[in-house]
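Peer 1: Dumping the structure here so I can ask a few things about it.
The values are calculated or read from the model by the stated rules, or taken from the named source; none is laboratory data. Note that the structure is a prediction, hence the values are computed from the model and not measured. FYI the Cβ positions are ideal-geometry reconstructions off the backbone, even for glycines, and counts take in every protein chain you see. The area values use the complete protein model at the heavy-atom level, side chains included, leaving out ligands, DNA and RNA. Shrake-Rupley method; radii C 1.70, N 1.55, O 1.52, S 1.80 Å.
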Amino acid sequence: MIHLGLWECSQQSTLGLSFVNLPNPSIEAPSSLEAQPEEQLSASVLSDQPDASMAEYYQLQRELLEITLALTGVIFVTVCFFYPLKIALNYLLGALVSAYYLRLLGKDVEKLGREQQALSKARLAVFVGLIIVAARSNQLQILPVFLGFLTYKAALIFYVLRTVLMPGYSSGRQ
């Protein structure tokens, strides 16, 4: 047996590896659960953990959306300053669609494992629809709309860099 943090790796007769989720040793099981068989114990302990982990997930989702909207505002004002309003509005359209896309992605990930086994492809239709509308419209330009859509990715990069470079920083997390 090889212990890898919360995971345990055991070698099977076919030389394949199987991973088993081990309970976190820092989380103590209630004394009433100690007398139960191991299968019931892990099911009981794991059923309590999704509430806390989902609360953390919702916090992360909200924080990413807030960062995306903040970056949208800052970049929109900057683009307004250096380029015509028409270009800035094209960027704003793409950025707002990216916030909607991020929200759809969050809902899709939330359902993963409970209600569905894979991420849906419906989010792709949002991006494709945006680009098709921008390409067909005489009023929209593809590049500012596309760069606006990438705002959610800039927010993800910002969040990761902030987490790595300032690990003690948290907005609302205890």
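Peer 1: Straight distance only, please: which lysines reach the Cα of Lys121 with their own Cα at less than 25 Å, same-chain residues fewer than 8 apart left out?
Peer 2: Lys107, Lys111, Lys153
Peer 1: Can you pull the one-decimal nm distance between simple spin-label points at Leu69 and Val109, each 7 Å off the Cα toward Cβ?
Peer 2: 1.8
Peer 1: What fraction of the Cα pairs in the stretch 80-174, stated in percent, has a spacing above 22 angstrom?
Peer 2: Percentage above 22 Å: 45.
Peer 1: Further question: Please compute the per residue accessible area over the stretch 78-163 with all protein chains in place, 1.4 Å probe, rounded to a whole number of Å².
Peer 2: 63
Peer 1: For the stretch 113-126, just list the computed ³J(HN,Hα) in residue order, Karplus coefficients 6.51, -1.76 and 1.60, θ = phi - 60°, integers in Hz, with x standing in for Gly and Pro.
Peer 2: The phi angles translate into x, 8, 10, 9, 9, 9, 5, 7, 9, 5, 4, 4, 4, 5 Hz.
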